[in-house]
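Enquirer: Let me begin by handing over the structure; questions about it come next.
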Amino acid sequence: MLTPEFAQRFIQKTVKTLPFNVNIMNHRGIIIASKDVSRVGDFHEVAHGLLTGRFTSGVVTEKDNFAGTKPGINMFIDYNDRHIGVICVSGNPEEVQVFAYFIKSSIETMLDYELKMQNRVQKFSAAEKFLYYILYEDRYKSEEANRLFNEATLNKDKLHIMIIIRCSNRFDSKLVKRVLNTGNADFKKGVSIEGENGEIFFMKPIDATDFGGLENYKEQIGDYFKDIESKIPMELGENDLRYFVGSLQNNVDYLKSSFLHAQFLSVNKGVDYDKKILFFLDHIQEYLRYSVTIDVYNNIFSSISSVFQGDERLLLIETIQGLEKNNYNLAKTSKDLHIHRNTISFRLNKLKSNFGLDPLNVPSDRELLKELIYYLVSVRRTH
């Protein structure tokens, strides 16, 4: 269970940035992974003594002299109430004790998760194994992904789209998964697996010959889930099922991106959560903003934003947001904001005189101001 591959992966993922060395020993007391790779393969006397019952304490000080052992804290790695190895955090025992408990807990949690997933994967169909690989494998290789895709006899001539299905706590997501797996006469069934938090990750094929454009594909997805819901043997409430639809892809290597796009919709508060089905292609701008750091915006807009301070900045945000909402119609914006249209014109004149921006007449200036306002609002939230 405690393999060298898993142990070294844990070192790389979890403890590589800690200021202390960490060693992981197997059931024989041999170091199988370490931040100090020169230690791998060494015998660790304290780990062996703990595992054989010869030692009752894993605390090692400068005064102790054990083979292959440095000062630090040694603790059991447990799985199913059984000692399967030892983890050591080297250093002054008083200084590293807190880290040692954290590392022990982390490796046990990660091991338990990986073993559970391995047991699940063994029962998967070929198609489910492919889906699991592209979603969870952090050492992704294109050759392996394509091999699994072909082994699952999936069709490369079709477009594929990743969808996250979120179920309410009112009913078991397994109900939805069973219906998804049955398919129906009108739609080819896709491939689905369950996430750890009860969500369903669903890869749906779409026939490229019947694609018919973006609106048509949205209708296809909507009709598909209406049909799925009609087959669930219980009455569904309005918020019992939510669908987060990623980007369309025609390449195996980009399917993970489709999933990440769906995931963005599922966790980002900036999207419209009033809709039952959310499509990534309706939220490209939010995603691009999400993908770019605020430093990039700062490099672009800091000089413009510095002209507007305090209340004047708040008025600019209010004005541009009001104009955006009302499609840059002065009369409607004036009514919406409860201010005279001349007041709006006065505020816009400052933009024109200082920066040559004329959003009433130049569409590209509207786009620039939209991003400026996003930046100003974001800066307010972070200060």
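Enquirer: If I model a spin label as a point 7 Å beyond the Cα along the Cα-Cβ vector, how far apart are those points for ASN342 and ASP311 in nm?
Expert: Modelled inter-label distance: 1.9 nm.
Enquirer: Another one. Quick one: net charge around GLN12, please, counting Lys, Arg +1 and Asp, Glu -1 for every other residue with C-beta under 12 Å from its C-beta.
Expert: That sum, taken over residues with Cβ under 12 Å, equals +3.
Enquirer: Would you list, by chain and number, the aspartates and glutamates whose Cα falls below 15 Å from the Cα of LYS123, excluding same-chain residues fewer than 8 positions away?
Expert: Qualifying aspartates and glutamates at Cα under 15 Å: GLU114, GLU194.
Enquirer: Further question: In the structure shown, do any of LYS158/LYS231; LYS256/LYS325; LYS204/LYS275; LYS13/LYS177; LYS13/LYS226 have a Cα-Cα gap over 30 Å, and if so which?
Expert: The pairs that break the limit, which is 30 Å between Cα atoms, are LYS256/LYS325; LYS13/LYS177; LYS13/LYS226.
Enquirer: To make sure I understand the rule: partners must be aspartates and glutamates, Cα under 14 Å from the Cα of LYS16, and not fewer than 8 residues away in the same chain. Which ones qualify?
Expert: List returned: ASP36.
Enquirer: Right, here's the next one. Can you give the net charge of the other residues whose Cβ lies under 15 Å from the Cβ of GLN249, counting K and R as +1 and D and E as -1?
Expert: Net of charged neighbours comes to +1.
Enquirer: Still on this structure, please answer the following. Quick one: Karplus J couplings for the stretch 354-359, per residue in order, coefficients 6.51, -1.76, 1.60, θ = phi - 60°, nearest Hz, x for Gly and Pro?
Expert: 8, 10, x, 8, 9, x
Enquirer: Using Cα pairs under 8 angstrom and six or more residues apart, how large is the relative contact order of the stretch 268-363, in percent?
Expert: Dividing the mean separation by the residue count of the stretch 268-363 yields 14 percent.
Enquirer: Which order do VAL59, VAL15 fall in if you start with the one that has the fewest other Cβ atoms within 10 Å?
Expert: VAL59, VAL15
Enquirer: Let's see if you can work this out: charge +1 on each Lys and Arg Cβ, -1 on each Asp and Glu Cβ, no other charges. What is the dipole magnitude of the chain about its Cα centre, in debye to the nearest 20?
Expert: I would put it at about 200 debye.
Enquirer: Relative contact order for the chain: what is it in percent, counting Cα pairs under 8 Å that are at least 6 residues apart?
Expert: Answer for the chain is 9 percent.
Enquirer: Follow-up. Compute log10 of I(q)/I(0) for the chain with the Debye formula, placing one identical point scatterer on every Cα and leaving out solvent, at q = 0.09 Å⁻¹, to two decimals.
Expert: The Cα Debye sum returns log10 ratios of -0.80.
Enquirer: For VAL377, VAL191, which order do you get if you count the other beta carbons within 10 Å of each Cβ and list the fewest first?
Expert: VAL377, VAL191
Enquirer: Taking only DSSP H segments of four or more residues, each worth -39500 (n - 2.57), what value at 222 nm results for the chain once the sum is divided by all its residues, to the nearest 500 deg cm²/dmol?
Expert: So the helix-based figure for the chain works out to -15500 deg cm²/dmol.
Enquirer: So, one more: List MET234, MET1 from most exposed to least, where exposure is judged by having the fewest other Cβ atoms within 10 Å.
Expert: Taking fewest neighbouring Cβ atoms as first place, the list is MET234, MET1.
Enquirer: Any chance you could run the full-extension gain for VAL362 through SER57? It's 0.36 nm times the residue separation minus the Cα-Cα distance, nm to one decimal.
Expert: Stretched out fully, the VAL362 to SER57 stretch lengthens by 102.3 nm.
Enquirer: Given charges of +1 on the Cβ of Lys and Arg and -1 on the Cβ of Asp and Glu, with all other atoms neutral, how large is the dipole of the stretch 4-122 about its Cα centre, in debye to the nearest 20?
Expert: Here the size comes out at about 280 debye.
FYI, it's all coordinate maths here, none of it is from the lab. These numbers were taken from a predicted model, which means no experiment stands behind them. Please note: Cβ atoms are built from the backbone with ideal geometry, for glycine as well, and neighbour counts cover all protein chains shown.
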